[in-house]
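For reference, the structure discussed in these notes is given below.
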Amino acid sequence: MQTLDLKLIGRGKVRDIYEYDARHLVFVTSNRVSAFDVVLPTPIPNKGATLNSLTRFWMNKFTPLCGNHIADGDHSGFAREFAASLSATEPGQVEVVKRAEMLQVECVVRGFITGSGWKDYKKSGSVCGHRLPEGLEHCAQFPEPLFTPATKAETGHDENIDFARMCDIVGLEMGTKLRDLSLEIYSKGRDFARERGILIADTKFEFGVIDGELCLCDEVLTPDSSRFWPADEYQPGRDQRSFDKQIVRNYLETLAWDKTPPGPELPQEIVQKTAAAYKEISDKLTV
Ligand SMILES: Nc1ncnc2c1ncn2[C@@H]1O[C@H](COP(=O)(O)OP(=O)(O)OP(=O)(O)O)[C@@H](O)[C@H]1O
Ligand SMILES: [Mg+2]
């Protein structure tokens, strides 16, 4: 029987990571929200549990394409006890995962032109080195999804890299595998979400190696790792209303804040809207 006195070995922007045993970790997915890579002081109720259940949902769906880090067996009893031993934590926030050797790249896939991709395109006509046709409108769908990897920066912002640089980091064979798999998983997820009225504009995957096998790790197609847009309101040529963290980002853009820590408190209205958005996304995709 595992004691509940586990060692905290890492604290990411969103997840607290504990050592379960030599081969497993416990992720406690907090209700923290980060924007522009800064963790804000105001939590979003239920966010952590929603991220965990969505990630599980997608990881299960994608098992024919790729293994994942979810630990074998039923750990719900442990999750209940461990949550109770922490303050303000629900069992749904606790996930036991297999420890992976993480690949030091972020596998970003973009289906629509927005965010930094749009800024890139306006300046250079390209997105992360992919030359694109002229005259694309803001938020237009790319003819084909683009794979635009980034480094996993220890601190600060991740840096976009081209495919060749990525292969310098992980090797050509692994780089090719990561690219093809990322595009395949994104496309399957995009088609599934589309039928439920959601456009997945872009997303980020993280992969790791577990017992020599390439596995999907971290979080998958969640509002934290992706941009989700309501399909029935979609119209290229303007910003899209967003189900997800964009609510927080848009609010922050109205402030004079310079996007360095500490981040500002969020007003209750933004907290409620964001919590509702996370729930709406999750219900639409999984219920
Ligand atoms: N199965 C796994 N084994 C080991 N590490 C993992 C596994 N799955 C995810 N990770 C790592 O655990 C961390 C998750 O924490 P969190 O999402 O809060 O981090 P983050 O702030 O996004 O950090 P980073 O900037 O490093 O991605 C990430 O660094 C991720 O790469
Ligand atoms: Mg993360």
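The values are calculated or read from the model by the stated rules, or taken from the named source; none is laboratory data. Please read these numbers as outputs of a predicted model, since none were measured by experiment. Please note: Cβ atoms are built from the backbone with ideal geometry, for glycine as well, and neighbour counts cover all protein chains shown.
In a helix (DSSP H, G or I), small (Gly, Ala, Ser) and surrounded by fewer than 20 Cβ atoms within 10 Å (Cβ to Cβ) - does that describe any residue in the range 30-49? Checked against the condition, which is being in a helix (DSSP H, G or I), small (Gly, Ala, Ser) and surrounded by fewer than 20 Cβ atoms within 10 Å (Cβ to Cβ), the range 30-49 yields no hits at all. Scan the range 40-52 and give yes if some residue there is away from ligand 2 (no atom under 16 Å from the Cβ), over 27 Å from PHE147 (Cα atoms) and among the charged types (D, E, K, R), otherwise no. No: the range 40-52 contains no residue that is away from ligand 2 (no atom under 16 Å from the Cβ), over 27 Å from PHE147 (Cα atoms) and among the charged types (D, E, K, R). Return a yes/no flag: does the range 91-109 have any residue that is of a type in the set (Val, Ile, Thr), more than 30 Å from ASP211 (Cβ to Cβ), away from ligand 1 (no atom under 16 Å from the Cβ) and buried (at least 17 other Cβ atoms within 10 Å of the Cβ). For the range 91-109, residues of a type in the set (Val, Ile, Thr), more than 30 Å from ASP211 (Cβ to Cβ), away from ligand 1 (no atom under 16 Å from the Cβ) and buried (at least 17 other Cβ atoms within 10 Å of the Cβ): absent. Kindly evaluate ASP191 against the criterion of being closer than 21 Å to PRO236 by Cα, among the acidic types (Asp, Glu) and outside any loop (DSSP other than H, G, I, E, B). When the stated conditions are applied, ASP191 passes them. Within the range 100-136, being outside any strand (DSSP E or B) and within 16 Å of ligand 2 (Cβ to nearest atom) holds for ALA100, LEU103, GLN104. Just a yes or no: is a residue in the range 8-22 of a type in the set (Val, Ile, Thr), in contact with a helix residue (DSSP H, G or I) (Cβ under 7 Å, 6 or more places away or on another chain) and within 15 Å of ligand 1 (Cβ to nearest atom)? Taking every residue of the range 8-22 in turn, none turns out to be of a type in the set (Val, Ile, Thr), in contact with a helix residue (DSSP H, G or I) (Cβ under 7 Å, 6 or more places away or on another chain) and within 15 Å of ligand 1 (Cβ to nearest atom).
Taken together, the criteria place GLU219 among residues that are modelled with pLDDT of 95 or more, within 13 Å of ligand 1 (Cβ to nearest atom) and either in a strand (DSSP E or B) or not basic (Lys, Arg) (or both).
When PRO261, PRO236 are screened for being within 16 Å of ligand 1 (Cβ to nearest atom), farther than 29 Å from ALA71 by Cβ, in a loop (DSSP other than H, G, I, E, B) and not polar (S, T, N, Q), only PRO261 passes.
So, TYR251, is that one buried (at least 23 other Cβ atoms within 10 Å of the Cβ), part of a helix (DSSP H, G or I), in contact (Cβ under 8 Å) with a residue 12 or more places away in the chain and not acidic (Asp, Glu) or not? Answer is no for this residue. The number of residues in the range 160-210 being out of contact with any helix residue (DSSP H, G or I) (no Cβ under 7 Å at 6 or more places or on another chain), of a type in the set (Gly, Ala, Ser) and surrounded by 15 or more Cβ atoms within 10 Å (Cβ to Cβ) comes to 4.
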